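Asks: My structure is below; once you've seen it, I'll send some questions.
The values are calculated or read from the model by the stated rules, or taken from the named source; none is laboratory data. Predicted, not measured: the structure shown is a model, and the values here were computed from it. Here Cβ is always computed from backbone atoms with ideal geometry, including for glycine, and neighbour counts include all displayed protein chains.
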Amino acid sequence: MTTVIYDTETTGLSRHYDVPLQGAFIVCDDDLVVQDEIVLRGRPPQHVIPSPDALLTTRTTPAMLDGAPLSHLDLMQAIASVVSTVGPARWVGYNSLKFDETILRQGFLQTLHPVYATQAPGCTRADVMVMAQAIAAHEPWALAVPLNEAGKPTFRLGPLCAANGIVLPDDEAHDALADARATLAILRHLREAAPATFAMMTANSDRRHVLDMLRNIELLALTQHFGASRTLPIAPIVVSPTNGSAFGVADLTVDPGTYLERSEPELAELLAIRGPRPIFTIAANAQPMLFPVEHGGAAIVDPLSMEQYKARAKRIRADQGFVARLTAALGRQFSDRAIASEPEEQIYDRFVTKLDQAHSRRWHEIAWEQRDRFGQAVIGDPRLQAFSRRLVFEAAPATMTATDRAAMTTWLVDRLLTHGERPWMTIPAARRRLVALRGASDPGDVDRLRNIADISAWLDAKSALLDAVTD
(Lines give C-alpha, C1' and ligand atoms only; values in the text may rest on other atoms or scores of the structure.)
Protein backbone atom coordinates (compact mmCIF):
# COMPACT_ATOMS: atom_id res chain seq x y z
CA MET A 1 0.00 0.00 0.00
CA THR A 2 1.28 3.49 -0.81
CA THR A 3 2.20 5.45 2.30
CA VAL A 4 2.29 9.25 2.33
CA ILE A 5 4.18 10.90 5.18
CA TYR A 6 3.08 14.52 5.44
CA ASP A 7 3.35 17.61 7.58
CA THR A 8 1.92 21.11 7.50
CA GLU A 9 3.16 24.40 8.87
CA THR A 10 0.31 26.78 9.64
CA THR A 11 -0.58 30.33 10.59
CA GLY A 12 -1.32 29.19 14.14
CA LEU A 13 -2.86 26.49 16.30
CA SER A 14 -6.58 27.16 15.84
CA ARG A 15 -8.15 24.20 14.08
CA HIS A 16 -11.00 26.44 12.90
CA TYR A 17 -9.37 29.72 11.93
CA ASP A 18 -5.76 28.99 10.99
CA VAL A 19 -4.64 27.74 7.58
CA PRO A 20 -1.65 25.92 6.06
CA LEU A 21 1.32 27.95 4.86
CA GLN A 22 3.37 24.93 3.84
CA GLY A 23 2.69 21.29 3.09
CA ALA A 24 5.27 18.55 2.55
CA PHE A 25 4.41 15.09 1.23
CA ILE A 26 6.80 12.14 1.06
CA VAL A 27 5.33 9.37 -1.07
CA CYS A 28 6.64 5.91 -0.13
CA ASP A 29 5.98 2.36 -1.24
CA ASP A 30 4.72 -0.33 1.13
CA ASP A 31 8.27 -0.86 2.43
CA LEU A 32 8.64 2.85 3.28
CA VAL A 33 11.07 3.46 0.41
CA VAL A 34 10.76 7.05 -0.79
CA GLN A 35 9.30 7.45 -4.28
CA ASP A 36 8.76 11.21 -4.36
CA GLU A 37 8.90 14.37 -2.24
CA ILE A 38 6.52 17.28 -2.80
CA VAL A 39 6.78 20.65 -1.07
CA LEU A 40 4.13 23.37 -1.45
CA ARG A 41 4.13 26.90 -0.03
CA GLY A 42 1.25 29.37 0.04
CA ARG A 43 0.27 32.82 1.24
CA PRO A 44 -2.40 33.25 3.92
CA PRO A 45 -5.75 34.57 2.67
CA GLN A 46 -6.36 38.25 3.29
CA HIS A 47 -8.70 37.65 6.23
CA VAL A 48 -6.20 35.50 8.20
CA ILE A 49 -3.57 37.14 10.40
CA PRO A 50 -0.87 34.63 11.38
CA SER A 51 -0.07 34.16 15.04
CA PRO A 52 3.16 36.00 15.92
CA ASP A 53 4.19 32.96 17.99
CA ALA A 54 3.77 30.68 14.97
CA LEU A 55 5.79 32.98 12.73
CA LEU A 56 8.64 33.19 15.24
CA THR A 57 8.59 29.43 15.91
CA THR A 58 8.76 28.55 12.21
CA ARG A 59 11.13 31.45 11.46
CA THR A 60 8.69 32.72 8.84
CA THR A 61 9.20 36.38 7.94
CA PRO A 62 6.61 38.70 6.37
CA ALA A 63 8.71 38.67 3.20
CA MET A 64 8.41 34.87 3.10
CA LEU A 65 4.64 35.12 3.62
CA ASP A 66 4.13 37.62 0.83
CA GLY A 67 6.63 35.90 -1.47
CA ALA A 68 5.17 32.39 -1.30
CA PRO A 69 4.35 31.22 -4.83
CA LEU A 70 0.77 30.06 -4.26
CA SER A 71 -2.37 31.79 -3.06
CA HIS A 72 -4.27 29.96 -0.33
CA LEU A 73 -6.78 28.74 -2.91
CA ASP A 74 -3.98 27.51 -5.18
CA LEU A 75 -2.22 25.82 -2.24
CA MET A 76 -5.33 23.87 -1.27
CA GLN A 77 -5.95 23.03 -4.93
CA ALA A 78 -2.41 21.66 -5.16
CA ILE A 79 -2.82 19.63 -1.95
CA ALA A 80 -6.13 18.24 -3.23
CA SER A 81 -4.36 17.31 -6.46
CA VAL A 82 -1.66 15.43 -4.52
CA VAL A 83 -4.32 13.45 -2.65
CA SER A 84 -6.19 12.68 -5.88
CA THR A 85 -3.05 11.73 -7.84
CA VAL A 86 -1.66 9.43 -5.15
CA GLY A 87 -4.98 7.61 -4.89
CA PRO A 88 -5.74 5.07 -2.14
CA ALA A 89 -2.97 5.40 0.45
CA ARG A 90 -2.12 5.37 4.12
CA TRP A 91 -1.79 9.01 5.24
CA VAL A 92 0.74 9.31 8.03
CA GLY A 93 1.73 12.33 10.12
CA TYR A 94 2.91 13.28 13.59
CA ASN A 95 0.09 14.41 15.86
CA SER A 96 -1.78 14.56 12.58
CA LEU A 97 -5.09 13.06 13.69
CA LYS A 98 -5.64 15.88 16.18
CA PHE A 99 -4.12 18.71 14.18
CA ASP A 100 -2.94 18.36 10.57
CA GLU A 101 -6.00 16.36 9.50
CA THR A 102 -8.35 18.95 10.95
CA ILE A 103 -6.37 21.78 9.33
CA LEU A 104 -6.60 20.06 5.94
CA ARG A 105 -10.33 19.44 6.35
CA GLN A 106 -10.92 23.11 7.11
CA GLY A 107 -8.76 24.15 4.17
CA PHE A 108 -10.65 21.84 1.85
CA LEU A 109 -14.05 23.03 3.09
CA GLN A 110 -13.11 26.69 2.83
CA THR A 111 -11.83 26.30 -0.74
CA LEU A 112 -14.72 24.12 -1.96
CA HIS A 113 -12.82 20.83 -2.21
CA PRO A 114 -13.83 17.38 -0.90
CA VAL A 115 -13.59 17.75 2.87
CA TYR A 116 -12.66 14.16 3.73
CA ALA A 117 -10.26 13.53 0.85
CA THR A 118 -7.76 11.58 2.99
CA GLN A 119 -10.59 9.31 4.15
CA ALA A 120 -11.77 8.37 0.66
CA PRO A 121 -12.40 4.67 -0.09
CA GLY A 122 -9.15 2.73 0.14
CA CYS A 123 -7.44 5.32 2.36
CA THR A 124 -6.36 4.84 5.97
CA ARG A 125 -4.81 7.29 8.46
CA ALA A 126 -2.01 6.75 10.95
CA ASP A 127 -0.44 9.00 13.55
CA VAL A 128 3.18 8.23 14.43
CA MET A 129 2.90 9.98 17.79
CA VAL A 130 0.05 7.65 18.78
CA MET A 131 2.07 4.67 17.54
CA ALA A 132 5.06 5.82 19.62
CA GLN A 133 2.87 6.15 22.72
CA ALA A 134 1.51 2.63 22.18
CA ILE A 135 4.97 1.15 21.75
CA ALA A 136 6.28 3.00 24.81
CA ALA A 137 3.46 1.38 26.81
CA HIS A 138 3.76 -2.16 25.44
CA GLU A 139 7.38 -2.54 24.30
CA PRO A 140 9.15 0.16 26.34
CA TRP A 141 12.63 -1.22 25.59
CA ALA A 142 12.12 -0.34 21.92
CA LEU A 143 11.84 3.43 22.30
CA ALA A 144 13.75 5.99 24.34
CA VAL A 145 11.23 8.53 25.63
CA PRO A 146 12.82 11.83 26.74
CA LEU A 147 11.71 13.94 29.69
CA ASN A 148 10.58 17.55 29.48
CA GLU A 149 11.65 20.38 31.78
CA ALA A 150 9.11 19.23 34.36
CA GLY A 151 10.61 15.74 34.39
CA LYS A 152 7.66 14.14 32.60
CA PRO A 153 7.80 11.97 29.46
CA THR A 154 7.38 13.97 26.26
CA PHE A 155 6.51 12.75 22.78
CA ARG A 156 7.34 16.00 20.98
CA LEU A 157 8.90 15.17 17.63
CA GLY A 158 12.24 16.97 18.08
CA PRO A 159 13.17 15.58 21.52
CA LEU A 160 11.92 12.09 20.56
CA CYS A 161 14.14 12.12 17.47
CA ALA A 162 17.17 13.25 19.48
CA ALA A 163 16.61 10.58 22.16
CA ASN A 164 16.56 7.87 19.49
CA GLY A 165 19.56 9.01 17.49
CA ILE A 166 17.65 10.71 14.69
CA VAL A 167 19.24 13.98 13.62
CA LEU A 168 16.83 16.89 13.18
CA PRO A 169 18.98 20.04 12.78
CA ASP A 170 17.79 23.01 14.82
CA ASP A 171 17.72 25.24 11.74
CA GLU A 172 15.36 22.80 10.01
CA ALA A 173 12.92 22.23 12.87
CA HIS A 174 9.37 23.34 12.08
CA ASP A 175 10.02 23.09 8.36
CA ALA A 176 7.35 20.84 6.88
CA LEU A 177 9.72 18.71 4.79
CA ALA A 178 12.25 18.31 7.61
CA ASP A 179 9.48 17.32 10.03
CA ALA A 180 8.03 14.86 7.50
CA ARG A 181 11.48 13.29 7.04
CA ALA A 182 11.86 13.03 10.81
CA THR A 183 8.43 11.41 11.05
CA LEU A 184 9.45 8.86 8.43
CA ALA A 185 12.66 8.13 10.35
CA ILE A 186 10.74 7.57 13.61
CA LEU A 187 8.24 5.36 11.76
CA ARG A 188 11.05 3.19 10.39
CA HIS A 189 12.61 2.96 13.85
CA LEU A 190 9.33 1.81 15.39
CA ARG A 191 8.88 -0.80 12.67
CA GLU A 192 12.31 -2.30 13.32
CA ALA A 193 12.39 -2.00 17.12
CA ALA A 194 8.83 -3.08 17.99
CA PRO A 195 7.42 -5.10 15.06
CA ALA A 196 4.52 -6.68 16.97
CA THR A 197 2.97 -3.49 18.34
CA PHE A 198 3.87 -1.64 15.13
CA ALA A 199 1.94 -4.18 13.04
CA MET A 200 -1.10 -3.96 15.30
CA MET A 201 -1.12 -0.17 15.33
CA THR A 202 -0.70 -0.11 11.55
CA ALA A 203 -3.73 -2.39 11.27
CA ASN A 204 -5.62 -0.02 13.58
CA SER A 205 -5.16 2.78 11.06
CA ASP A 206 -8.01 1.10 9.17
CA ARG A 207 -11.36 1.72 10.87
CA ARG A 208 -12.72 -1.51 9.40
CA HIS A 209 -10.15 -3.54 11.32
CA VAL A 210 -10.93 -1.69 14.55
CA LEU A 211 -14.67 -2.17 14.12
CA ASP A 212 -14.13 -5.85 13.37
CA MET A 213 -12.33 -6.28 16.71
CA LEU A 214 -14.99 -4.33 18.60
CA ARG A 215 -17.81 -6.37 17.09
CA ASN A 216 -16.25 -9.81 17.47
CA ILE A 217 -13.97 -9.88 20.54
CA GLU A 218 -15.55 -9.94 24.01
CA LEU A 219 -12.56 -8.53 25.91
CA LEU A 220 -9.90 -6.12 24.64
CA ALA A 221 -7.04 -4.06 26.05
CA LEU A 222 -7.15 -0.32 25.42
CA THR A 223 -4.23 1.98 26.14
CA GLN A 224 -5.07 5.61 26.81
CA HIS A 225 -2.65 8.50 27.03
CA PHE A 226 -3.70 11.37 29.28
CA GLY A 227 -0.24 12.76 30.00
CA ALA A 228 0.78 9.24 31.01
CA SER A 229 -0.25 5.88 29.58
CA ARG A 230 -2.62 3.44 31.23
CA THR A 231 -4.06 0.24 29.82
CA LEU A 232 -7.61 -0.88 30.61
CA PRO A 233 -9.54 -4.09 30.06
CA ILE A 234 -12.64 -3.05 28.11
CA ALA A 235 -15.87 -4.66 26.97
CA PRO A 236 -17.22 -3.53 23.59
CA ILE A 237 -20.97 -2.96 23.92
CA VAL A 238 -22.66 -1.27 20.98
CA VAL A 239 -21.97 1.02 18.02
CA SER A 240 -23.52 4.48 18.03
CA PRO A 241 -26.72 4.57 15.92
CA THR A 242 -25.75 7.98 14.50
CA ASN A 243 -21.98 7.55 14.05
CA GLY A 244 -20.72 4.29 12.64
CA SER A 245 -17.17 5.02 13.81
CA ALA A 246 -18.10 5.53 17.49
CA PHE A 247 -18.35 2.38 19.60
CA GLY A 248 -19.59 2.38 23.19
CA VAL A 249 -17.35 0.41 25.57
CA ALA A 250 -17.07 -0.22 29.31
CA ASP A 251 -14.00 0.06 31.55
CA LEU A 252 -13.97 -3.32 33.27
CA THR A 253 -11.93 -2.08 36.22
CA VAL A 254 -15.17 -0.36 37.32
CA ASP A 255 -17.92 -2.48 38.90
CA PRO A 256 -20.80 -2.43 36.38
CA GLY A 257 -23.24 -2.47 39.27
CA THR A 258 -22.46 1.23 39.74
CA TYR A 259 -24.09 2.20 36.43
CA LEU A 260 -26.18 -0.63 34.90
CA GLU A 261 -29.42 0.65 36.45
CA ARG A 262 -28.85 4.28 35.49
CA SER A 263 -31.36 6.10 33.29
CA GLU A 264 -30.63 7.26 29.77
CA PRO A 265 -29.98 10.90 30.87
CA GLU A 266 -27.64 9.66 33.59
CA LEU A 267 -25.75 7.51 31.09
CA ALA A 268 -25.49 10.54 28.80
CA GLU A 269 -23.91 12.46 31.69
CA LEU A 270 -21.39 9.66 32.22
CA LEU A 271 -20.46 9.73 28.54
CA ALA A 272 -19.86 13.47 28.73
CA ILE A 273 -17.36 13.33 31.59
CA ARG A 274 -13.89 14.48 30.59
CA GLY A 275 -11.05 12.10 31.31
CA PRO A 276 -11.46 8.59 32.78
CA ARG A 277 -15.04 7.35 33.04
CA PRO A 278 -16.72 3.92 33.34
CA ILE A 279 -18.38 4.00 29.90
CA PHE A 280 -17.13 5.94 26.89
CA THR A 281 -16.75 5.75 23.13
CA ILE A 282 -13.83 4.63 21.01
CA ALA A 283 -13.36 6.43 17.69
CA ALA A 284 -12.62 3.60 15.27
CA ASN A 285 -11.30 6.04 12.68
CA ALA A 286 -8.73 7.61 15.04
CA GLN A 287 -6.25 4.70 15.26
CA PRO A 288 -7.05 3.71 18.87
CA MET A 289 -4.41 1.86 20.91
CA LEU A 290 -6.61 -1.22 20.96
CA PHE A 291 -5.23 -4.74 21.26
CA PRO A 292 -6.27 -8.33 21.95
CA VAL A 293 -5.62 -9.07 25.62
CA GLU A 294 -2.98 -11.61 24.54
CA HIS A 295 -0.84 -8.64 23.52
CA GLY A 296 -1.98 -5.78 25.73
CA GLY A 297 -3.09 -7.64 28.85
CA ALA A 298 0.32 -7.55 30.49
CA ALA A 299 0.11 -3.75 30.73
CA ILE A 300 -3.15 -3.86 32.72
CA VAL A 301 -2.49 -2.94 36.34
CA ASP A 302 -5.48 -4.14 38.37
CA PRO A 303 -6.05 -6.89 40.97
CA LEU A 304 -8.83 -8.73 39.10
CA SER A 305 -8.27 -11.80 36.96
CA MET A 306 -9.14 -12.16 33.27
CA GLU A 307 -11.96 -14.48 34.23
CA GLN A 308 -13.46 -11.81 36.45
CA TYR A 309 -13.19 -9.27 33.64
CA LYS A 310 -14.92 -11.67 31.27
CA ALA A 311 -17.70 -12.20 33.80
CA ARG A 312 -18.23 -8.44 34.04
CA ALA A 313 -18.26 -8.11 30.25
CA LYS A 314 -20.85 -10.88 29.96
CA ARG A 315 -23.03 -9.25 32.63
CA ILE A 316 -22.94 -5.88 30.85
CA ARG A 317 -23.86 -7.21 27.41
CA ALA A 318 -26.58 -9.46 28.82
CA ASP A 319 -28.43 -6.51 30.35
CA GLN A 320 -30.65 -5.64 27.40
CA GLY A 321 -32.27 -2.70 29.15
CA PHE A 322 -28.90 -1.12 29.81
CA VAL A 323 -27.74 -1.72 26.24
CA ALA A 324 -30.92 -0.11 24.92
CA ARG A 325 -30.55 2.95 27.16
CA LEU A 326 -26.86 3.28 26.26
CA THR A 327 -27.69 3.04 22.56
CA ALA A 328 -30.24 5.82 22.94
CA ALA A 329 -27.75 7.97 24.87
CA LEU A 330 -25.12 7.45 22.18
CA GLY A 331 -27.60 8.41 19.50
CA ARG A 332 -28.32 11.72 21.22
CA GLN A 333 -24.70 12.66 21.87
CA PHE A 334 -24.02 16.23 20.72
CA SER A 335 -27.65 16.66 19.59
CA ASP A 336 -28.04 19.69 21.85
CA ARG A 337 -24.85 21.35 20.61
CA ALA A 338 -25.52 24.94 19.62
CA ILE A 339 -24.90 25.88 16.00
CA ALA A 340 -21.93 28.23 15.78
CA SER A 341 -22.37 31.61 14.13
CA GLU A 342 -19.16 31.41 12.08
CA PRO A 343 -19.05 28.99 9.12
CA GLU A 344 -15.55 27.81 10.10
CA GLU A 345 -16.99 26.31 13.27
CA GLN A 346 -19.86 24.61 11.45
CA ILE A 347 -17.66 22.08 9.67
CA TYR A 348 -19.05 19.07 11.57
CA ASP A 349 -22.66 20.24 11.71
CA ARG A 350 -23.51 18.31 8.54
CA PHE A 351 -21.92 16.72 5.49
CA VAL A 352 -21.77 18.57 2.19
CA THR A 353 -24.44 17.02 -0.02
CA LYS A 354 -23.49 15.14 -3.19
CA LEU A 355 -25.25 17.83 -5.20
CA ASP A 356 -23.19 20.59 -3.61
CA GLN A 357 -20.05 18.51 -4.07
CA ALA A 358 -20.84 18.48 -7.79
CA HIS A 359 -21.57 22.22 -7.72
CA SER A 360 -18.23 22.81 -5.98
CA ARG A 361 -16.38 20.94 -8.71
CA ARG A 362 -18.17 23.06 -11.28
CA TRP A 363 -17.28 26.25 -9.35
CA HIS A 364 -13.60 25.49 -9.92
CA GLU A 365 -14.15 24.98 -13.65
CA ILE A 366 -15.98 28.18 -14.55
CA ALA A 367 -14.51 31.65 -15.07
CA TRP A 368 -14.09 34.05 -12.16
CA GLU A 369 -16.72 36.31 -13.71
CA GLN A 370 -19.29 33.58 -13.09
CA ARG A 371 -18.21 32.29 -9.70
CA ASP A 372 -19.81 34.76 -7.32
CA ARG A 373 -23.28 34.44 -8.83
CA PHE A 374 -22.85 30.67 -9.13
CA GLY A 375 -21.77 30.41 -5.50
CA GLN A 376 -24.78 32.33 -4.23
CA ALA A 377 -27.49 31.15 -6.64
CA VAL A 378 -26.58 27.52 -7.35
CA ILE A 379 -24.66 26.19 -4.34
CA GLY A 380 -27.14 25.48 -1.55
CA ASP A 381 -24.92 25.06 1.51
CA PRO A 382 -24.69 28.40 3.38
CA ARG A 383 -21.17 27.57 4.54
CA LEU A 384 -19.98 27.09 0.97
CA GLN A 385 -21.80 30.24 -0.11
CA ALA A 386 -19.85 32.22 2.49
CA PHE A 387 -16.53 30.67 1.53
CA SER A 388 -17.22 31.16 -2.18
CA ARG A 389 -17.82 34.86 -1.61
CA ARG A 390 -14.60 35.23 0.39
CA LEU A 391 -12.60 33.53 -2.37
CA VAL A 392 -14.08 35.73 -5.09
CA PHE A 393 -13.62 38.87 -3.00
CA GLU A 394 -9.93 38.10 -2.61
CA ALA A 395 -9.09 36.89 -6.11
CA ALA A 396 -11.51 38.78 -8.35
CA PRO A 397 -13.38 41.53 -6.45
CA ALA A 398 -14.10 43.44 -9.68
CA THR A 399 -16.44 40.62 -10.75
CA MET A 400 -18.77 41.31 -7.81
CA THR A 401 -21.53 43.90 -7.68
CA ALA A 402 -20.60 47.18 -6.02
CA THR A 403 -23.00 46.46 -3.17
CA ASP A 404 -21.59 43.00 -2.46
CA ARG A 405 -18.03 44.27 -2.75
CA ALA A 406 -18.75 47.05 -0.24
CA ALA A 407 -20.34 44.57 2.16
CA MET A 408 -17.30 42.31 1.99
CA THR A 409 -14.95 45.24 2.53
CA THR A 410 -16.85 46.11 5.70
CA TRP A 411 -16.65 42.45 6.77
CA LEU A 412 -12.89 42.31 6.21
CA VAL A 413 -12.19 45.56 8.07
CA ASP A 414 -14.33 44.48 11.03
CA ARG A 415 -12.77 41.01 11.11
CA LEU A 416 -9.19 42.27 11.18
CA LEU A 417 -9.34 45.59 13.02
CA THR A 418 -11.85 44.92 15.79
CA HIS A 419 -10.49 45.45 19.30
CA GLY A 420 -12.95 43.01 20.84
CA GLU A 421 -12.10 39.43 21.72
CA ARG A 422 -12.48 37.09 18.77
CA PRO A 423 -11.65 33.39 18.31
CA TRP A 424 -9.39 34.32 15.38
CA MET A 425 -6.25 36.46 15.37
CA THR A 426 -6.92 40.17 14.73
CA ILE A 427 -4.38 42.89 14.06
CA PRO A 428 -4.85 44.50 17.52
CA ALA A 429 -4.49 41.09 19.19
CA ALA A 430 -1.34 40.36 17.17
CA ARG A 431 0.12 43.73 18.17
CA ARG A 432 -0.56 43.02 21.85
CA ARG A 433 1.12 39.65 21.55
CA LEU A 434 4.15 41.17 19.84
CA VAL A 435 4.57 43.60 22.75
CA ALA A 436 4.59 40.67 25.17
CA LEU A 437 7.00 38.66 23.01
CA ARG A 438 9.35 41.62 22.67
CA GLY A 439 9.35 42.12 26.43
CA ALA A 440 10.13 38.47 27.08
CA SER A 441 12.92 38.25 24.49
CA ASP A 442 16.61 38.16 25.27
CA PRO A 443 18.01 41.62 24.43
CA GLY A 444 20.95 39.88 22.79
CA ASP A 445 18.75 37.83 20.43
CA VAL A 446 19.13 40.23 17.52
CA ASP A 447 17.49 37.96 14.93
CA ARG A 448 14.37 37.41 17.03
CA LEU A 449 13.99 41.12 17.79
CA ARG A 450 14.45 41.95 14.11
CA ASN A 451 11.73 39.43 13.19
CA ILE A 452 9.38 40.94 15.77
CA ALA A 453 10.01 44.41 14.34
CA ASP A 454 9.39 43.16 10.78
CA ILE A 455 6.11 41.52 11.79
CA SER A 456 5.02 44.70 13.56
CA ALA A 457 5.78 46.81 10.48
CA TRP A 458 3.92 44.32 8.29
CA LEU A 459 0.84 44.57 10.52
CA ASP A 460 1.06 48.37 10.42
CA ALA A 461 1.04 48.31 6.63
CA LYS A 462 -1.98 46.01 6.56
CA SER A 463 -3.81 48.19 9.04
CA ALA A 464 -3.06 51.31 6.99
CA LEU A 465 -4.49 49.70 3.86
CA LEU A 466 -7.67 48.75 5.69
CA ASP A 467 -7.99 52.22 7.17
CA ALA A 468 -7.61 53.68 3.70
CA VAL A 469 -10.53 51.75 2.22
CA THR A 470 -12.84 52.97 4.99
CA ASP A 471 -11.98 56.68 4.58
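Asks: It is to be established whether one or more residues within the range 121-130 are under 30 Å from PRO88 (Cα atoms), surrounded by fewer than 17 Cβ atoms within 10 Å (Cβ to Cβ), within 24 Å of the chain's Cα centre (by Cα) and not assigned by TED's automatic domain parsing to the domain that holds ALA313.
Replies: yes
Asks: Still on this model: Can you pull out every residue in the range 310-347 that is of a type outside the set (Asp, Glu), surrounded by 13 or more Cβ atoms within 10 Å (Cβ to Cβ) and over 30 Å from THR258 (Cα atoms)?
Replies: Across the range 310-347, the qualifying residues are ALA340, PRO343, GLN346, ILE347.
Asks: Go through the range 191-214 and give me each residue that's under 12 Å from MET131 (Cβ atoms) and of a type in the set (A, V, I, L, M).
Replies: The answer is ALA193, ALA194, ALA199, MET200, MET201, ALA203.
Asks: Okay, next question. Could you go through the range 318-332 and let me know if any residue there is more than 30 Å from MET201 (Cα to Cα), of a type outside the set (D, E, K, R) and not in a helix (DSSP H, G or I).
Replies: No.
Asks: Starting from residues that are surrounded by 20 or more Cβ atoms within 10 Å (Cβ to Cβ) and aromatic (Phe, Trp, Tyr), keep the ones in the range 77-120 and report whichever is farthest from LEU32 (Cα to Cα).
Replies: The residue in question is PHE108.
Asks: If you don't mind, another one. Residue check: is VAL323 in contact (Cβ under 8 Å) with a residue 60 or more places away in the chain and more than 30 Å from GLU394 (Cα to Cα)? It would help to see each step written out before you state the result.
Replies: Values: in contact (Cβ under 8 Å) with a residue 60 or more places away in the chain: yes; more than 30 Å from GLU394 (Cα to Cα): yes.
So VAL323 fits the description; yes.
Asks: Consider MET425 against the criteria (1) under 12 Å from HIS47 (Cβ atoms); (2) assigned to a helix (DSSP H, G or I); (3) under 28 Å from the mean Cα position of the chain (by Cα): it satisfies all of them except one. Which criterion is unmet?
Replies: Going through the list (1) under 12 Å from HIS47 (Cβ atoms); (2) assigned to a helix (DSSP H, G or I); (3) under 28 Å from the mean Cα position of the chain (by Cα), MET425 breaks only (2).
Asks: What is the one condition in (1) out of contact with any Asp or Glu (no Cβ under 8 Å at 6 or more places or on another chain); (2) over 28 Å from ALA453 (Cα atoms); (3) at pLDDT 95 or above; (4) among the acidic types (Asp, Glu) that ASP381 does not satisfy?
Replies: Going through (1) out of contact with any Asp or Glu (no Cβ under 8 Å at 6 or more places or on another chain); (2) over 28 Å from ALA453 (Cα atoms); (3) at pLDDT 95 or above; (4) among the acidic types (Asp, Glu) one by one, ASP381 breaks only (1).
Asks: Within the range 262-270, does at least one residue satisfy the condition of being touching a Leu at 6+ places or on another chain (Cβ under 6 Å), more than 22 Å from ASN204 (Cβ to Cβ) and surrounded by 18 or more Cβ atoms within 10 Å (Cβ to Cβ)?
Replies: Within the range 262-270, one or more residues are touching a Leu at 6+ places or on another chain (Cβ under 6 Å), more than 22 Å from ASN204 (Cβ to Cβ) and surrounded by 18 or more Cβ atoms within 10 Å (Cβ to Cβ).
Asks: Does the range 73-93 contain any residue that is assigned to a loop (DSSP other than H, G, I, E, B) and of a type in the set (Phe, Trp, Tyr)?
Replies: No, that holds for no residue.
Asks: Further question: Considering only the range 447-459, state which residues are exposed (fewer than 15 other Cβ atoms within 10 Å of the Cβ), within 14 Å of PRO52 (Cα to Cα) and without any contact (Cβ under 8 Å) to a residue 12 or more places away in the chain.
Replies: Hits for the range 447-459 are ARG450, ALA453.
A quick yes/no check of all residues on (1) touching a Leu at 6+ places or on another chain (Cβ under 8 Å); (2) among the aromatic types (Phe, Trp, Tyr); (3) under 30 Å from PRO423 (Cβ atoms):
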{"residue": "ALA283", "(1), (2), (3)": "no, no, yes"}
{"residue": "LEU290", "(1), (2), (3)": "yes, no, no"}
{"residue": "ALA324", "(1), (2), (3)": "no, no, no"}
{"residue": "ALA328", "(1), (2), (3)": "no, no, no"}
{"residue": "GLU345", "(1), (2), (3)": "no, no, yes"}
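Asks: Follow-up. As an exercise: evaluate VAL33 against (1) modelled with pLDDT of 95 or more; (2) touching a strand residue (DSSP E or B) at 6+ places or on another chain (Cβ under 8 Å) and give the number of the one condition it does not meet.
Replies: Result: VAL33 passes all but (2).
Asks: Another question about this same structure. Does SER360 count as at pLDDT 95 or above and of a type outside the set (Phe, Trp, Tyr)? Quick ask: steps written out before the conclusion?
Replies: Numbers: at pLDDT 95 or above: yes; of a type outside the set (Phe, Trp, Tyr): yes.
Yes, satisfied.
Asks: Among all residue pairs at least 6 apart or on different chains, which show Cβ distances below 9 Å where the first residue, located in the range 222-233, is free of Cβ contacts under 8 Å to residues at least 40 places away in the same chain and at negative phi and the second is surrounded by 20 or more Cβ atoms within 10 Å (Cβ to Cβ) and of a type outside the set (A, V, I, L, M)?
Replies: none
Asks: Looking only at the range 1-52, which residues are over 22 Å from GLN110 (Cβ atoms), of a type in the set (A, V, I, L, M) and not in a strand (DSSP E or B)?
Replies: Hits for the range 1-52 are MET1, LEU32, VAL33.
Asks: A further question follows. For the range 450-468, give me each residue that is touching a helix residue (DSSP H, G or I) at 6+ places or on another chain (Cβ under 7 Å) and not charged (D, E, K, R).
Replies: Answer for the range 450-468, where residues must be touching a helix residue (DSSP H, G or I) at 6+ places or on another chain (Cβ under 7 Å) and not charged (D, E, K, R): ASN451, ILE452, ILE455, SER456, TRP458, LEU459, SER463, LEU466.
Asks: Those residues that are more than 19 Å from ALA228 (Cβ to Cβ), acidic (Asp, Glu) and either crowded, with 17+ Cβ neighbours inside 10 Å or modelled with pLDDT under 95 (or both), I need them from the range 148-195; list them, please.
Replies: ASP170, ASP171, GLU172, ASP175, ASP179
Asks: I would also like to ask the following. Which of the residues spanning the range 295-317 are over 35 Å from the mean Cα position of the chain (by Cα) and either farther than 21 Å from HIS138 by Cβ or in a helix (DSSP H, G or I) (or both)?
Replies: Across the range 295-317, the qualifying residues are MET306, GLU307, GLN308, LYS310, ALA311, ARG312, LYS314, ARG315.
Asks: Just to verify a result, which residue in the range 2-21, among those that are hydroxyl-bearing (Ser, Thr, Tyr) and in contact with a Gly (Cβ under 8 Å, 6 or more places away or on another chain), is surrounded by the most Cβ atoms within 10 Å (Cβ to Cβ)?
Replies: So in the range 2-21, the residues hydroxyl-bearing (Ser, Thr, Tyr) come out as 2-3, 6, 8, 10-11, 14, 17.
Add one more test, that the residue is in contact with a Gly (Cβ under 8 Å, 6 or more places away or on another chain), and what stays is 2, 6, 8.
Values: THR2: 16, TYR6: 27, THR8: 24.
The qualifying residue surrounded by the most Cβ atoms within 10 Å (Cβ to Cβ) is TYR6.
Asks: Do any residues in the range 108-133 that are over 26 Å from GLY42 (Cα atoms) have Cβ atoms under 6 Å from those of residues that are assigned to a helix (DSSP H, G or I), where the two are at least six apart or on different chains, and which pairs are they?
Replies: From residues that are over 26 Å from GLY42 (Cα atoms), the pairs are MET131/LEU190; MET131/MET201.
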